[in-house]
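Q: Structure below; questions to follow.
The values are calculated or read from the model by the stated rules, or taken from the named source; none is laboratory data. Since the structure is predicted, the reported quantities are computational estimates derived from the model, not experimental observations. With ideal geometry, Cβ positions are generated from the backbone for all residues, glycine too; neighbour counts draw on all protein chains shown. We work out accessible area using only protein heavy atoms, side chains counted, and drop any ligands, DNA or RNA first. Shrake-Rupley method; radii C 1.70, N 1.55, O 1.52, S 1.80 Å.
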Amino acid sequence: MTAPPNVSDLPDRLAEQLTDAGQAHLIRVAGMLGADQRGRFVAELASIDWRTVGELRDRVLEAAPRPDSSREVSPPEVFPLERTAEQTRHAAQAVAEGEQLLAAGRVACLVVAGGQASRLGLHGPKGTVPAGPVSGRSLFEIFALKLRAAHERYGQPVPFYVMTSPANDAETRAFISEHDCFGLDPADVFFFTQGVLPALDESGRALLASPGALALAPTGHGGVFSAMRDGGVLDDLLRRKIELVSYFQVDNPLVLATDPLFLGLHSLARAGMSSKVVRRSADEKVGVIAIIDGRHGCIEYSNLPDDLRRATNEDGSLRYSAGSIAMHVISVDFAANTVGGSDGLSWTLAHKRMKVVDEAGNPGEQMAYKAERFVFDALRFSDATVTLEVDRSVEFSPIKNAEGENSPATSRADMCALHGRWVAAAGLPLPPAGEDGVAPVEIDPRIAVTQAEFVAKAPLEPLIVEGGHLYTPAD
């Protein structure tokens, strides 16, 4: 092997790693920097997994082939919303199992919260976005209140693991700390950061975001397993004797973070990883849970062939109807032993235009490859799994876009509609509907997380504020 060029402050081993990964140009870049800037750049270089970068470079040079379209695909077995008598009995057993796990302190929650709110026209981490339609509470606060509610109901705390990104880690920690963890015990709130890798140009060379700084991109939600391992999460879960992790993404305020049915079904099946799904429409842009070459997995919408996207059963219903909503239960031993110990998830290369600088520091734009992993790819490692169908009007209304579909306005309207149904079922009055036709009403999770629970506590008096009716504890 040709000896790599070297510069002061660049360890020989790091120089060899860069050269082996086809990134020797970064050694030259380091040599062009002043001492202080070079020190920071060398520290950044030392934090990168260059073996993985070298493998991704090889893929880029192979023109990043698309996934094989010849796979055998079939629908999964779904535990449905409309249940037989036998399924209803099993659901009751599962609820009892899930409640027992919660009461024993064997459940934790993990939110993937690495995104920024820039697409919503706001500054800061997405978890800081106001999502309470009457209260104005942030997404983070809504999740925290749900965990406080579970603690009150079951007598045990539910540890809260927050996966940030390098771009929003400091702001996320500061926001939650400034709000005193929204009433959670700080000892039960654990922050960890997802991994990043440099973006690569079409020759497989790592790009620069600014002079002396790599153009880094998060490795996707599939990086949660290695981030749990590297960030100390797995060690903490094992120390606490946690068995199951409820996984969800930060943009959905309707998530049932501690659903005893889902937890119980997963536990009774002795599953490694399980999924919640909604019944999708033919043109809905969501991934589809399916059996792929004999193993469970998820086919991204963009990779779903049209014949599968629109295939129907004899009754006219969609054959591939299990739309993924990024809610999972993951067993701790599965995360630690099956996935976290092997880094077995495949990489996807996204080809996007991005702003960069060249080696001389001149700014510009060019096409780049960003490497991502997807959490649902871990399903194929799970010998047993549960696919639970849920009602999207009850559990799924994400905030993704500034306006239109899946926006703050639609999510708030969906929450008001859901809670309005609970109030009406309890025979309580609703405030006048707004311009969107929805009565502005919000129910604190500490009051109830289901309609049955709310009705059982009626009659209740709401806090009447300018924005509508807020049912919340006196504190």
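Q: Using the structure shown, decide if S302 is under 17 Å from S74 (Cα atoms) and not acidic (D, E).
A: So S302 does not fit the description; no.
Q: Further, regarding this structure: Looking at (1) closer than 22 Å to Y154 by Cβ; (2) of a type outside the set (F, W, Y); (3) buried (at least 19 other Cβ atoms within 10 Å of the Cβ), which is the only condition G297 fails?
A: (1)
Q: State yes or no: is D251 at pLDDT 95 or above, within 13 Å of the chain's Cα centre (by Cα) and more than 23 Å from R380 (Cβ to Cβ)?
A: In short, yes.
Q: Still on this structure, I have one more. Any residue that is surrounded by 21 or more Cβ atoms within 10 Å (Cβ to Cβ), out of contact with any Lys or Arg (no Cβ under 8 Å at 6 or more places or on another chain) and over 20 Å from L244 (Cβ atoms) - is there at least one of those in the stretch 280-289?
A: Looking through the stretch 280-289, at least one residue is surrounded by 21 or more Cβ atoms within 10 Å (Cβ to Cβ), out of contact with any Lys or Arg (no Cβ under 8 Å at 6 or more places or on another chain) and over 20 Å from L244 (Cβ atoms).
Q: What helices (runs of 4 or more DSSP H), lying completely within the stretch 31-106, carry at least 1 residues that are modelled with pLDDT under 95?
A: It comes to 35-46, 50-61.
Q: When you check E395 against the structure, is it touching a residue at least 12 places away in the same chain (Cβ under 8 Å) and either closer than 20 Å to R148 by Cα or out of contact with any helix residue (DSSP H, G or I) (no Cβ under 8 Å at 6 or more places or on another chain) (or both), yes or no?
A: Yes.
Q: Looking only at residues that are modelled with pLDDT of 90 or more and among the acidic types (D, E) in the stretch 307-334, which one is surrounded by the most Cβ atoms within 10 Å (Cβ to Cβ)?
A: Filtering first and then ranking leaves D333.
Q: Can you tell me which residue within the stretch 8-45, out of those that are over 24 Å from L349 (Cβ atoms) and in contact with a Leu (Cβ under 7 Å, 6 or more places away or on another chain), is surrounded by the most Cβ atoms within 10 Å (Cβ to Cβ)?
A: A30
Rundown of residues vs (1) among the aliphatic types (A, V, I, L, M); (2) more than 17 Å from L26 (Cα to Cα), yes/no style:
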{"site": "L207", "(1), (2)": "yes, no"}
{"site": "P211", "(1), (2)": "no, no"}
{"site": "P218", "(1), (2)": "no, yes"}
{"site": "M228", "(1), (2)": "yes, yes"}
{"site": "G232", "(1), (2)": "no, yes"}
{"site": "D236", "(1), (2)": "no, yes"}
{"site": "R239", "(1), (2)": "no, yes"}
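Q: Within the stretch 350-368, identify whether any single residue is surrounded by fewer than 21 Cβ atoms within 10 Å (Cβ to Cβ) and within 26 Å of S246 (Cβ to Cβ), and answer yes or no.
A: The answer is no; no qualifying residue exists.
Q: Something else: Being basic (K, R) and in a helix (DSSP H, G or I) is the filter here, so list the residues in the stretch 107-143 that pass it.
A: R119, K126
Q: Among the aliphatic types (A, V, I, L, M) and at pLDDT 95 or above: does that describe A425?
A: Yes.
Q: Restricting attention to the stretch 235-247, report how many residues are touching a helix residue (DSSP H, G or I) at 6+ places or on another chain (Cβ under 8 Å), part of a helix (DSSP H, G or I) and surrounded by fewer than 22 Cβ atoms within 10 Å (Cβ to Cβ).
A: Residues meeting the conditions: 1.
Q: Which residue pairs have Cβ atoms under 7 Å apart, sit 6 or more places apart or on different chains, and have a first residue in the stretch 152-174 that is within 10 Å of T193 (Cα to Cα) and a second that is among the small types (G, A, S) and modelled with pLDDT under 95?
A: Filtered contacts from the stretch 152-174: M163/G114; M163/A227; T164/G114; S165/G114; N168/G114.
Q: Then there is this: Looking at the stretch 183-193, can you tell me whether even one residue there is of a type in the set (G, A, S) and either open to solvent by 10 Å² or more (accessible area, probe 1.4 Å) or in contact with a helix residue (DSSP H, G or I) (Cβ under 6 Å, 6 or more places away or on another chain) (or both)?
A: Looking for residues that are of a type in the set (G, A, S) and either open to solvent by 10 Å² or more (accessible area, probe 1.4 Å) or in contact with a helix residue (DSSP H, G or I) (Cβ under 6 Å, 6 or more places away or on another chain) (or both), one finds at least one in the stretch 183-193, hence yes.
Q: Under 8 Å between Cβ atoms, at least 6 apart or on separate chains: pull out the pairs that start in the stretch 31-42 with a residue that is closer than 13 Å to P211 by Cβ and end on any residue that is among the hydroxyl-bearing types (S, T, Y) and surrounded by 14 or more Cβ atoms within 10 Å (Cβ to Cβ).
A: If the second residue must be among the hydroxyl-bearing types (S, T, Y) and surrounded by 14 or more Cβ atoms within 10 Å (Cβ to Cβ), no pairs are left.
Q: Taking the stretch 46-60 as the search range and keeping residues that are of a type in the set (A, V, I, L, M, F, W, C) and surrounded by 17 or more Cβ atoms within 10 Å (Cβ to Cβ), which one is nearest to W347 (Cα to Cα)?
A: Here the residue is L56.
Q: Another question, then. In this structure, does A209 turn out to be part of a strand (DSSP E or B) and either among the acidic types (D, E) or out of contact with any Phe, Trp or Tyr (no Cβ under 6 Å at 6 or more places or on another chain) (or both)?
A: yes
Q: State which residue pairs qualify: first residue at pLDDT 85 or above and inside the stretch 462-475, second residue open to solvent by 40 Å² or more (accessible area, probe 1.4 Å) and in a strand (DSSP E or B) in any location, beta carbons under 9 Å apart, and separation of 6 or more residues or different chains.
A: Correct list of pairs: H469/L463; L470/L463; L470/I464; Y471/L463; T472/L463.
Q: Sticking with this structure for a sec: Being among the small types (G, A, S), under 30 Å from G434 (Cβ atoms) and under 15 Å from the mean Cα position of the chain (by Cα) is the requirement here; does A144 meet it?
A: No, not satisfied.
Q: Right, something else. Can you pull out the residues in the stretch 160-204 that are part of a strand (DSSP E or B) and closer than 23 Å to R239 by Cα?
A: F160, Y161, V162, M163, T164, V189, F190, F191, F192, T193 - these are the residues of the stretch 160-204 that are part of a strand (DSSP E or B) and closer than 23 Å to R239 by Cα.
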